[in-house]
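Once you've had a glance at the structure underneath, I'll fire off some questions.
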Amino acid sequence: MNPGLEKLQLYPFQRLAQIKANSSPPKSSAIIDLSIGEPQLETPHIIQESLKRAISGVGKYPSTRGTLRLRESMSSWATKRFNLGKEQLLPDRNILPVSGTREALFSIAQTLFATNSAKSLVGLPNPFYQIYEGAAILAGATPYYFNGPAHNNFIPLFEDTPEKIWRKMSFMYICSPGNPAGNVMTSQQYDYLISMADKHNFFIIVDECYSELYGNEQEPPLGILEWCHLSGRSSFQRCLAMHSLSKRSNSPGLRSGFVAGDPDLIEKFFMYRTYHGSAMPLHVQEASITAWSDEEHVIANRDFYRENFDAVLNVLREKIDVSRPTAGFYLWVDVLSDDIKVCEQLYSHTGLIVLPGQFLSRKNDGLNPGTNRIRLALVAPKEQCIEAAYRLLSILS
């Protein structure tokens, strides 16, 4: 057996299931589940229709690189979204389709990590998406947790990291916009991080699956590809961005996304994936082309989540100190007490299901950044989110 299996912790939703198994919600209250970041809006009809029209594609094997039309749609979208020069992001060199970001975030570790190297560490933010940790451990690496303190909006203070850590770094994961806090990396933070990557020869993998869900329509979050372009890093050296249709296009079951950036890393990842066997089915490719080519449904999504945030914050701010995140659809709330117990009480007394912050982070250097925090995914209809806010206040009071 892979020895890493013994080091894995239970997935957050397995731990949440244990909480639910030990208590029962009141029969008088309908269950409201805001624990999972799964969009509840319907997948746009244009995507559904495209999927239906192309369903005969199941009769053919897809290629690992995907069709040129698919890669061109991804390149075109990213070029426009991140203000790139058209000559920079080439469909044949800088783009590789993947089966959603989760699959790619996991499998990239198998490509980049060398088990016999002195570079034994894989960096990840803390709090974090648990796939990063599992990918590192199962590849044979040792995770290094970059604590993200509340006073820095849960973004790690990279400048405080000892030089000896950077020297051992194989690659690192960044999530921007972040899960769970909705924080966004700045150009100054990328400046420092990439300077360390250049100096100590490691790679940066940026999970940008929440990049299209942001509050200010005039200020979309900075992406790593955009930072590279602005910094004159035209080859995107050492950098990969990962994007998905799950959140952007309400299509989590489509399992469709792409990796973009450093052509040398793309080629190595392609070689790995020819054996990995996760080529995107042809009918999914056609639906993906439709999705990447349309922005109207994405704008509607942002409006939906803005309305949810407005409504929920209007309720919560009467009693507790809580702020709107820059991006994403999570509310990362400081409950000022044991987050696991609060979640237990919310379920048993009100029927509201949310995720304890400790399930999304690790204790490191005496600090667990998720302590006393809970995550609410504001993906349900507005009326349910408002009711959830009142239920939360009833417990906190």
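Read the figures in this text as sums done on the coordinates, not as results from a lab. All values derive from a computational prediction rather than experimental measurement. Glycine also receives a Cβ, built like all others from the backbone with ideal geometry; neighbour counts cover every protein chain displayed.
By count of other Cβ within 10 Å, fewest leading, how are T274, T64 ordered?
Fewest to most other Cβ atoms nearby, the residues stand as T274, T64.
Among DSSP beta bridges lying fully in the chain, give the percent that are antiparallel, nearest 5.
45
Could you give the dipole magnitude of the range 59-294 about its Cα centre, charging the beta-carbon of Lys and Arg +1 and that of Asp and Glu -1, in debye to the nearest 20?
620
Which one, S120, P25, Q285, projects farthest toward the positive side of the charge dipole computed for the chain from Cβ point charges (K/R +1, D/E -1)?
Going by the charge dipole, the pick is S120.
Here is a follow-up. Place the peptides 82-92, 17-27, 235-245 in order of packing, highest mean first, counting for every residue the other Cβ atoms within 10 Å and averaging per peptide.
235-245, 82-92, 17-27
Related question: For the chain, what is the Kirkwood hydrodynamic radius in Å, using each pair of distinct C-alpha atoms?
About 21.7 Å for the chain.
Loop only per DSSP, at most 15 neighbouring Cβ atoms within 10 Å: give me the GluC sites (Glu not before Pro) in the range 132-225, ordered by residue number.
E217
To the nearest 20 debye, what charge dipole does the range 1-128 have about its Cα centre, counting +1 at the Cβ of each Lys and Arg and -1 at the Cβ of each Asp and Glu?
Using only the charged Cβ atoms, the result is roughly 180 debye.
Find out how many positive minus negative residues lie around F203, taking Lys and Arg as positive, Asp and Glu as negative, among other residues whose Cβ is under 15 Å from that of F203.
Taking every Cβ under 15 Å from that of F203, the sum is +2.
Say the cut-off is 19 Å between C-alpha atoms; which of K168/K199; K7/K199; K80/K268 go over it?
The answer is K7/K199; K80/K268.
Using the number of other C-beta atoms within 10 angstrom as an exposure proxy, rank R102, R273 with the fewest first.
Ordered by Cβ neighbours within 10 Å, fewest first: R102, R273.
With labels modelled as points extended 7 Å from the Cα through the Cβ direction, what inter-label distance (nm, one decimal) is found for A114 paired with Y272?
Rounded to a tenth, the inter-label distance reads 1.4 nm.
Read phi for every residue in the range 249-263 and hand back ³J(HN,Hα) as whole Hz from Karplus 6.51 cos²θ - 1.76 cosθ + 1.60, θ = phi - 60°, with x for Gly and Pro.
Per-residue couplings from phi come out as 10, 6, 10, x, x, 6, 6, 9, x, 8, 10, 9, x, 3, x Hz.
At 222 nm, what value in deg cm²/dmol follows for the chain if DSSP H runs of at least 4 each add -39500 (n - 2.57) and the sum is divided by all its residues, to the nearest 500?
-11500 deg cm²/dmol
Same structure again: When a footprinting reagent is the concern and you count Cβ atoms within 10 Å, what order do S28, S337 take, fewest first?
S28, S337
Could I ask something else about it? Treating the range 59-294 as a set of equal point scatterers at the Cα positions, no solvent, please give the Debye-formula log₁₀ I(q)/I(0) at q = 0.15 Å⁻¹.
Once normalised to I(0) and log-transformed, intensities are -1.00.
Something else: Between D160, D321, D198, where does the largest GNM mean-square fluctuation fall for the chain, given springs only between Cα atoms within less than 10 Å?
Checking each option, the largest mean-square fluctuation is seen for D160.
Using Cα-Cα distances under 8 Å and only pairs 6 or more residues apart, what relative contact order does the chain have, in percent?
26
When a/c is below 1.5 the answer is rounded, else prolate if a/b is larger than b/c, else oblate, so apply that to the range 169-273 with a ≥ b ≥ c taken from the square roots of the Cα gyration tensor eigenvalues.
Here the range 169-273 falls in the oblate category.
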